[in-house]
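Student: The structure is given below, and queries will be raised subsequently.
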Amino acid sequence: MPYKMLDKYPKKFRGTGIITPMWASLRRTFLSTIHRSMTIMYPYEKEWVPDNYRGRPGLIFDRCLGCGICVRACPTTCIELVEVADDDGNMVKRPQVNVGRCMMCGYCAEYCPVNAMTTTTDYELAEFSRKDLIYDPRRLAFEGTNEMMEVHLEEHLLSNLAKGVTDQPTAFYKTDRPVLEEKKCISCMKCSKVCPVEAIEMVVVGKNDKGRDIKHPKIDGEKCVSCENCVIACPKSALKIEEVL
Amino acid sequence: MGLSILDWIVFKNPMANEYYPFGDMYNLPYEIGYKLSEIILGFVAWFLNLFVHDNLWSQWLVSDVVMNVLAIILLVVVIFGVGFIVNLTMIWEERKILGRLMDRRGTQIGPLGYFQCLGDGLKTFMKENIAPKAIDKKIYWWGLALVIGTSVLLACMVPLSGRWFIADYKVGLLILFGMFALAPFLILCAGWAQNNKFSLIGGMRAAELMISYEVPMLIILATSCLLAGAYGINDLVQFQNDHLWFVIPEIIGFFTFFVCAIAESERVPFDLSEAEAELVEGWQTEYAGMKWGLIMLADYFRGYVACAFIVLLFLGGWAMPFAGTDTWYAEIWFLFKVCAVFAAFVWARGAFPRVRTDQIINIGWRVLMPLSILNLVVVVAIKLMGWM
Amino acid sequence: MTEEMIQAPSYEDVNKLISEKFGEKVVFRTSTKKNVKAINEKRRIFLSTDRDTILELCTYIHDVLNFEQATSVCAVDYIDRVQIVYHLTNYFTGIVIEITVDLPADDLHIPSVALIWEGANWHERETYELFGVIFDGHPKLERLLTPQSYEFFPFRKSYKLRGSE
Amino acid sequence: MVEERMNTDKMWITMGPQHPFSHGLWTLRVHADGEIITDAEPEIGYLHRGWEKECENRTYAKIIPMADRLCYSASMTWSHVFCKVAEEALDIEVPERAQYLRVIADEICRIQSHLMWLAAVGTDLGNLTVFLWALREREFFLDLNIRLCGQRLTTNYPRIGGVRNDMPYYFERDCMRCVERFETVGLPEIMKLATDSSPFVGRMQGIKYLTAKDVANWGVTGPAMRGCGVDYDVRRDDPYDAYGEIDFEVPVLNKNNPKGGDAYDRFLVRLEEMYQSCEIIRQAFQKLQSIPKEAPSRVKVPRCIPAGTHMAKIEDPRGESIMYLVSDGTEKPWRLKVRSPIFVNVSSSKHMVDGVRIADVPAIMAMIDMCLGETDR
């Protein structure tokens, strides 16, 4: 592969001195006078951005589970879960984003198991006070949300690839499930309380010395979204996420 | 004198004034000033006369002396005002052309962006006016004042036509050029007085620049005068109108002078003394706020003068082909030419990077100097052969 | 320079020459990684040595094996010891030698290689200011990134950051 | 009064941190004898964020967007090198499609970074037209970045084990149109103002010859090194990802010239590199066509990285960037060392500006393309 330009411009300069730049600049002067110039007049006309643009995060309120994966995935810790009333008036947990700290990395949208968090094309975020930069769950909703704004996490398992299976994309929330170390479990039921999708059911596995039921969590793999809330809530570290690779 | 206002404002012939300062030459701005002063003074005198009939004050107000004094003041105001507006137009022109050249839009405020300079001037006024403590105060302020003062004076001294001048010198070109060449010296002083290393180097560079281009410039100036046989601007223009614009016999000199003029007005690519990539703001580093704004304005005044020089020396001044020098649009035609030359200045600014100090000296002595001598030889040959 | 310079020593050459010259003073480490291209294609050499040998080893690597560039010099705080890691590159073969030197945590002195490779100069200054490792013989061992008034070494593990993340 | 304060012999001039020639916050103190520089002392640290220390408190995935912020115009390569080092630690190879996508994104990043540099050279040498024209061309590549990964500068595109997303529809068409336009219209037009202009070239020609030996010893890397005769490019001599399968030329000037290269050579090398990047993008797309669209572009990786020490190196637009990772088996790194190319290049600016005029300092320093985010980290 030869050089494309260096051969034309070897060590010694052989340009046309001052004529070429003057001609080039004159040409551009006329061109940009006849046609539009390249710049856009920003406040009056805006650059078009494609739908996959990573502006501020958006939220599709009804899809959200309140699982908190986005909270843990956020590198700047700008997301927190707050209690808001949903359409029926029940109090539910939904993410609230401090856009002043957000660095638009799109991790919340990427890791969301139900694609409730999206990226949006909204990039004009200036406000008069820092308080205004905190977007509550209702305000996070973006009007023109469409499918392109959802980020689908499509990971392939290394074990699958080794077997030659290349058409089964998956994601951590489809494969990783908490497993119980039964000895440590004290039947406190905290895990079932914090589970956002009610995937944990406490099953009686026996009776203890005092005659009370010993309940162990049974995790419904279909419902679980691998949010780790139970892992964090467990006072005895009996639960841990088992990663499937 | 009657009660009617028309008795007081009669629009006398200004040249009939006893103290008319320009001898037998007709001066348009003086006439404008004279008529304005007649309106003003006549109105005041008529008003006083309404109360006290035939009072001496009214008589004195419309006398030749008072009228002349006010007319001269207004003459200066008119000439400066026109120069200032031309200056603003040139700033606008530069920003607009440069914008197009760089594929952007240029100024946007006002019709075609004309009022942007006014806005910028206003903004500069609002900037904090800082003068450092450890400066040499006298030279700091006087250098600034003189740089601005000489530039404005120069711009006012450039005649726009045979009837638009502030004084008619027989050696007008020399005086203009003398004033023009004063600036590097003042810049050197101002750069030194700021007690700032960047300013000092900028000032030194201005001096360095001066010795490299001013000699060829002066030679070409003298050559033109040699060709015309006169130092007066009027004579030069008249000669070019009668024979041929000097750009044709002195084509070498024209281009040489063009380069020198860019350097003289310290514009890119020869703005070594304020090279912002190396010297922050060069010799203007410590001039903050409106001081800087005025220096900027003065720079454009000098650019205007440089363009006017080129037009006067080579492009026939206000002479219109086939119409002579005494057209009613002579001033506009002259300013149009000036703006056209300035467009070429802007073009050069857009196309070239800043040159280095050693390069400018090389160019000055190895290229421009021989070329100007060659130009002289050509002109002497033309003169000897009697072609012009 | 007593020995002749080899412009482009191969992977085997480097291994052989260094083990011949230094014997037991230099320990060769092998990597067990299977999927890393550079290791598979034999462009990484991992050495360990002690601080008495490092200057001699570096001089040899520079002068004889023609490793012209000290790509990086850095320190790792293992709490009980501080490890200095050198990465040296040969421009002809693309081989990178990684040398690790362990220093006891209470005696952070090591000979400087800044006189062999000018490029190691600032790396050593940076390592000094962030970890407190003193490079003996360094031409100008001053603080570079942090203010001169700092009296602590911020990248040590004993320097805790505020906040959880 | 004034004479007492002024030393009329030689003077220290502090260029920076708010000097127009310094692209970012750094100081070059030069000892000038008139206009000739006799000594220089670079000073950095105004932007030191403790990046490496901060990474020790972050999980691996969260470091990727932080690595983007190391350098504003080479963010893709910085997150790439971090992903490389994490992949080396996990001992995995990314899928082939992801490798090519990374190569394409890297080269887009390289072109836009070099265009930013060309713009900076324009302002440094006093020609604002070059600045704006180069930025105009750069805008096309930033638009490609938006299409590919959603952001103009902070791409956040590579992931440990692949890339964030496969390329969108029509990306190949857009990219090839953009590259072709750039090769035939965009860059030649700028070059008419730069390489075809004798005042522009005159500012750089003959300015500070650096020999290959010196440059290698100072640790200068990247185009600045290749312009002076050192024939080394990580992409070719230590290939990573799909670079091994792509046929391209590494622009090297003055290979056997004992005098070394001047600023103009270093300038030309970067221009040629942009052309070669276009060629790499073209070839990568050709190779991509043989890989089915449904092929995996990302593999799932564990959160915790096994203990060990790992190193990865990559050819940044500015030189050779290295990350050295010490992992301790948890989900956060024990230590992450960043070897920034500019950090070393700046340290050699002391030698680079020795003996030149003050007017040449911007021309010389522009050729190493300063970026202070990665220098101070």
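Student: Please list, or write none, the aspartates and glutamates whose alpha carbon is within less than 15 Å of the alpha carbon of residue A:236, excluding same-chain residues fewer than 8 places away.
Tutor: List returned: A:181, A:182, A:228.
Student: Follow-up. Name the residue farthest towards the positive end of the dipole of chain B from the options B:56, B:223, B:241, assuming +1 on Cβ of Lys and Arg, -1 on Cβ of Asp and Glu, about the Cα centre.
Tutor: Selected residue: B:223.
Student: Sorting B:337, C:33 on the 10 Å Cβ count, fewest up front, what's the list?
Tutor: C:33, B:337
Student: Still on this model: Ranking C:60, C:159, D:240 by Cβ neighbours within 10 Å, fewest first, what do you get?
Tutor: Ranking C:60, C:159, D:240 by Cβ neighbours within 10 Å, fewest first, gives C:159, C:60, D:240.
Student: Can you bin every Cα-Cα distance in the range C:115-165 into 5 Å intervals starting at zero and give me the percent of pairs per bin, rounded to whole numbers?
Tutor: 4, 20, 27, 20, 14, 8, 4, 2, 0
Student: I've got another one for you. Mind scanning B:133/D:350; D:255/D:350; C:16/C:157; B:127/D:53; C:42/C:160 and naming the pairs with a C-alpha gap bigger than 30 Å?
Tutor: The pairs that break the limit, which is 30 Å between Cα atoms, are B:133/D:350; C:16/C:157; B:127/D:53; C:42/C:160.
Student: For a quick check: with amide H placed at 1.01 Å from N, whose amide H comes under 5 Å from residue A:171's, ignoring anything fewer than 5 positions away on the same chain?
Tutor: A:155
Student: Under a Cβ-only charge scheme (Lys and Arg +1, Asp and Glu -1), can you give me the dipole magnitude of the range A:159-242 about the Cα centre, in debye to the nearest 20?
Tutor: For the range A:159-242, the charge dipole is close to 400 debye.
Student: Looking at chain C only, what percent of DSSP beta bridges run antiparallel? Nearest 5 please.
Tutor: 70 percent
Student: What FRET efficiency do you get for residue B:131 and residue B:211 if R0 is 25 Å and r is their Cβ-Cβ distance, rounded to the nearest 0.05?
Tutor: 0.25
Student: Strictly over 27 Å apart at the Cα level, which of B:96/B:123; B:96/B:137; D:287/D:313; A:190/A:223; A:183/C:34; C:25/D:213 would you flag in this model?
Tutor: As for pairs spanning more than 27 Å Cα to Cα, those are B:96/B:137; A:183/C:34; C:25/D:213.
Student: Right, something else. Based on the Cβ-Cβ distance of residue C:102 and residue A:240, what FRET efficiency does E = 1/(1 + (r/R0)^6) give at R0 = 41 Å, to the nearest 0.05?
Tutor: After rounding to 0.05, the efficiency reads 0.75.
Student: Got a sec? Charge dipole of the range B:127-385, +1 on Cβ for Lys and Arg, -1 for Asp and Glu; which of B:310, B:370, B:211 is way out at the positive end?
Tutor: It is B:211.
Student: Please get the size of the charge dipole for the range D:2-376, origin at its Cα centre, with Cβ charges of +1 on Lys and Arg and -1 on Asp and Glu, quoted in debye to the nearest 20.
Tutor: Once rounded to the nearest 20, the dipole reads 860 debye.
Student: Another question, if that's okay. So if I take the alpha carbon set of the range B:12-84, get Rg, then get Rh from the Kirkwood formula, what is the Rg over Rh ratio?
Tutor: When Rh is taken as the Kirkwood radius, the ratio is 1.03.
Student: Under a straight-distance cross-link criterion of Cα-Cα below 18 Å, which lysines are reachable from residue B:138, leaving out those fewer than 8 residues away in the same chain?
Tutor: Once the sequence-local lysines are set aside, what remains near residue B:138 is B:291.
Student: For the modelled label position 7 Å from the Cα of residue A:83 along Cα-to-Cβ, which residues of the range A:187-220 have backbone nitrogen atoms closer than 18 Å?
Tutor: A:193-197
Student: Another question, if that's okay. Which lysines does residue D:300 reach when only Cα atoms under 17 Å apart count, and residues fewer than 8 places away in its own chain are ignored?
Tutor: Within the straight-line cut-off, residue D:300 pairs with A:163, A:174, D:62, D:84.
Student: Please state the relative contact order of chain A as a whole percent: Cα pairs under 8 Å, 6+ residues apart?
Tutor: Worked out over chain A, it gives 17 percent.
Student: Place +1 on the Cβ of every Lys and Arg and -1 on the Cβ of every Asp and Glu in the protein assembly as shown, take the dipole about the Cα centre, and give the residue among A:229, D:11, C:14 whose Cα lies farthest towards its positive end.
Tutor: So the residue furthest toward the plus end is A:229.
Student: Springs between alpha-carbon pairs under 10 angstrom, Gaussian network model over chain C: which of C:126, C:68, C:24 fluctuates most?
Tutor: Fluctuation is largest for C:24.
Student: From the helices alone, meaning DSSP H stretches of at least four residues, give me the mean residue ellipticity at 222 nm for chain D, per-run term -39500 (n - 2.57), in deg cm²/dmol to the nearest 500.
Tutor: -13500 deg cm²/dmol
Student: By the scheme Lys and Arg +1, Asp and Glu -1, what is the net charge of all other residues having a beta-carbon under 12 Å from that of residue B:152?
Tutor: 0
Student: At q = 0.06, 0.13 Å⁻¹, what is the log10 ratio I(q)/I(0) for chain B, with the Debye formula run over Cα points and no solvent?
Tutor: For the requested q values the scattering log ratios are -0.28, -1.12.
Student: If you don't mind, there's one more thing I want to ask. Where Lys and Arg each count +1 and Asp and Glu each count -1, what net charge lies around residue B:25 among other residues with Cβ under 11 Å from its Cβ?
Tutor: Here the charged neighbours net out to -1.
Student: Moving on to the next point. Sum up the charges of everything whose Cβ sits under 12 Å from the Cβ of residue A:152, counting Lys and Arg as +1 and Asp and Glu as -1, but leave residue A:152 out.
Tutor: Local charge sum for residue A:152: -3.
Student: Let me ask something else. Quick one: plug the Kirkwood hydrodynamic radius of the protein assembly as shown (C-alpha pairs) into Stokes-Einstein at 25 °C, 0.890 mPa s, and report D in µm²/s.
Tutor: 71 µm²/s
Student: Debye sum, Cα scatterers, the range A:159-242, no solvent: what log₁₀ I/I(0) at q = 0.10, 0.16 1/Å?
Tutor: Once normalised to I(0) and log-transformed, intensities are -0.30, -0.64.
Student: Another question about this same structure. Output the relative contact order of chain B, whole-number percent, from Cα pairs under 8 angstrom with separation of 6+ residues.
Tutor: Averaging sequence separation for qualifying contacts and normalising by length gives 19 percent for chain B.
Student: By counting other Cβ atoms within 10 Å of each Cβ, how are B:84, B:198, D:267 ranked from fewest to most?
Tutor: Ascending number of Cβ neighbours within 10 Å: B:84, B:198, D:267.
Student: Can you tell which of A:132, A:209, A:86 shows the greatest fluctuation in a Gaussian network model of chain A with Cα springs below 10 Å?
Tutor: A:209
Student: Further question on the same structure: What dipole magnitude, in Debye to the nearest 20, does the protein assembly as shown give about its Cα centre under +1 on Lys/Arg Cβ and -1 on Asp/Glu Cβ?
Tutor: 1400 debye
Student: Using Cα springs under 10 Å in a Gaussian network model of chain D, which residue among D:276, D:151, D:112 shows the largest mean-square fluctuation?
Tutor: Fluctuation is largest for D:151.
Student: Follow-up. Going through the DSSP H helices of chain B, which span 27 Å or more along their own axis at the Cα atoms while scoring at least 0.0 as a mean Kyte-Doolittle hydropathy?
Tutor: Qualifying helices: B:28-51, B:64-101, B:137-157, B:197-228, B:290-314, B:330-351.
Student: State, to one decimal in nm, how far the label point of residue A:139 lies from the label point of residue D:176, with both points 7 Å from Cα in the Cβ direction.
Tutor: Going from the residue A:139 label point to the residue D:176 one covers 4.7 nm.
Student: Identify the chymotrypsin sites (Phe, Trp or Tyr not before Pro) of the range B:347-388 meeting these criteria: DSSP loop state and at most 15 other C-beta atoms within 10 Å of the C-beta.
Tutor: The qualifying sites are B:387.
Every number in this text was worked out from the coordinates using simple rules, so none of it is lab data. Everything numeric in this text was worked out from a predicted model, so none of it was measured. All Cβ positions, glycine included, derive from the backbone under ideal geometry; neighbour counts span all protein chains shown.
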